[in-house]
Amino acid sequence: MRTTRLRNAAELGLLAAVGLVPLGYHLISLSTMTDPVAIVSGAVVPIACSALVVAATVPVARSPLSAAYTLRVTGWSALGALTLGAVALLFVTYEMSQGPPPEGPFVVIAGAASIGSVFGLAFGLTDARQQRAQDQVERANAQLTVLNRVLRHNIRNAMTVVSGRVELLAERVNGGEESAAVVEENVDRLLSVSEHARHIGAVIGSEGPDGPGDVEAVVDLVEVVDGAIERLGTEHPDAEFDAPAAATCRVRAHPLTEAVASEVIENAVVHGGDDAPRVSVSIRRVDDDVALRVADDGPGIPEETVETIRRGYETSIRHTDGLGLWLVQWVVDRSEADLTFESSEEGQVVRIRFERVEETAGVPAGDDPVGSGDETAGDGDAPTTTATADDD
């Protein structure tokens, strides 16, 4: 602690020295000046600038900027002084080469340096605050990455053990099937949260396939949807899917668009209207874009949940039940796509509009923009094939 305080004091002392050195020179020069114009331009203004740099050490010392950032401010202030001082030196040198030297050349150079120190101080404060904010964000991201990895790793390992034990107990305890089913359902929910956390970490952190700043990819939307329907058909054998019959449809999107499509379609299956839900999935060209539309005959996503997703954050009163829709929204944002929800008496419709980057094959043109609301589950002019999973 003592070392830290001494370091802070030393950094503040350097900042004060940037103003004190020229301030002392200006005060000495003032006693030799008689011309009012020279007094104002060569002494009063530079003295005010140097005094401002010295006075700035007080708010800097009281600010949350650490010694490292204070040194950054000092460096910019000194650089500003040296820059303008060097410009003044060049000017004086040029004047001396053309004729008699200007009156008080060192006063001109020192005055320019004092003015430059103020400009450097202002830039340094701004730069230090921005750097501090960036460091805080990077530190928070690193901490979130650690938290995400530890939590999902521990949850998955623990739930795998619990799931195995529940199966053994269900076999050995008479009448324990119902309780085991409840436990198994909650285990699956926790495992789903762990998987969503892994995907979200890839979206907002450094676990993305190309890093956080390079996430765009060309995705075949038809291939993504077909893969999701094939997997969900195995997991939900009673569900029926109207799948797009297009051959290919390439869009610009985040690589995790496959997880998004799977999440939206599975949400439609799980929250369908009966034990044999029917989900309609279509892909249509809309101008230069492509719209993925998923419709079901269920009760729809609660309006409070939709408002929370659109708002972008949760509160103790308004929150969602999991991470699935957050994953959808964040991947859509990173894909620069549009996401809309529509609920009606016929069911729920979710649309995601992507930028089309290549020619498509067999994708019909849509006659309505995303979000117009004149489509219902199961209708539309898009050619579809019905995929019903066979019972094993």
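The values are calculated or read from the model by the stated rules, or taken from the named source; none is laboratory data. Nothing here was measured: the structure is a model prediction, and the numbers come from that model. So basically every Cβ, Gly included, is an ideal-geometry build from the backbone, and we count neighbours across all protein chains shown. Accessible surface is based on the protein model in full, side chains and every heavy atom, while ligands, DNA and RNA are left aside. Shrake-Rupley method; radii C 1.70, N 1.55, O 1.52, S 1.80 Å.
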* Could you please give the count of residues in the range 215-244 that are under 26 Å from Glu355 (Cβ atoms), small (Gly, Ala, Ser) and open to solvent by less than 20 Å² (accessible area, probe 1.4 Å)? => 2
* Search the range 45-56 for residues that are assigned to a helix (DSSP H, G or I) and pair each with any residue that is among the aliphatic types (A, V, I, L, M) and open to solvent by 20 Å² or more (accessible area, probe 1.4 Å) when their beta-carbon atoms are under 6 Å apart and the residues are at least 6 apart or on different chains. => Cys49/Ile115; Cys49/Val118; Ser50/Leu23; Leu52/Val118; Val53/Val18; Val54/Leu20
* Asked: How many residues does the range 65-112 contain that are exposed (fewer than 14 other Cβ atoms within 10 Å of the Cβ) and of a type in the set (Asp, Glu)?
  -> 1
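Taking the options Ile39, Ile28, name whichever one is over 45 Å from the mean Cα position of the chain (by Cα) and open to solvent by less than 80 Å² (accessible area, probe 1.4 Å).
So the residue among Ile39, Ile28 that is over 45 Å from the mean Cα position of the chain (by Cα) and open to solvent by less than 80 Å² (accessible area, probe 1.4 Å) is Ile39.
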* Val137 is checked against (1) part of a helix (DSSP H, G or I); (2) at pLDDT below 70 and fails just one. What number does that condition carry? -> (2)
* Considering residues of the range 270-293 that are hydrophobic (A, V, I, L, M, F, W, C) and surrounded by fewer than 22 Cβ atoms within 10 Å (Cβ to Cβ) only, the residue modelled with the highest pLDDT -> Val286
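Residue by residue, here is whether (1) out of contact with any Asp or Glu (no Cβ under 9 Å at 6 or more places or on another chain); (2) within 14 Å of Leu12 (Cα to Cα) holds:
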position	(1), (2)
Pro36	yes, no
Val54	yes, yes
Ala68	no, yes
Leu82	yes, no
* **First in the range 218-246 and of a type in the set (Phe, Trp, Tyr), second anywhere and modelled with pLDDT of 85 or more and not in a helix (DSSP H, G or I), Cβ under 7 Å, 6 or more apart** => Phe241/Val279; Phe241/Val281
* Within the range 303-323, can one find any residue that is modelled with pLDDT of 50 or more, within 21 Å of Asp226 (Cβ to Cβ) and surrounded by 15 or more Cβ atoms within 10 Å (Cβ to Cβ)? -> no
* Structure fact -> With the first residue restricted to the range 94-120 and required to be among the small types (Gly, Ala, Ser), and the second required to be not in a helix (DSSP H, G or I), Cβ contacts under 9 Å at 6 or more apart or on different chains are Gly104/Thr32; Gly104/Met33
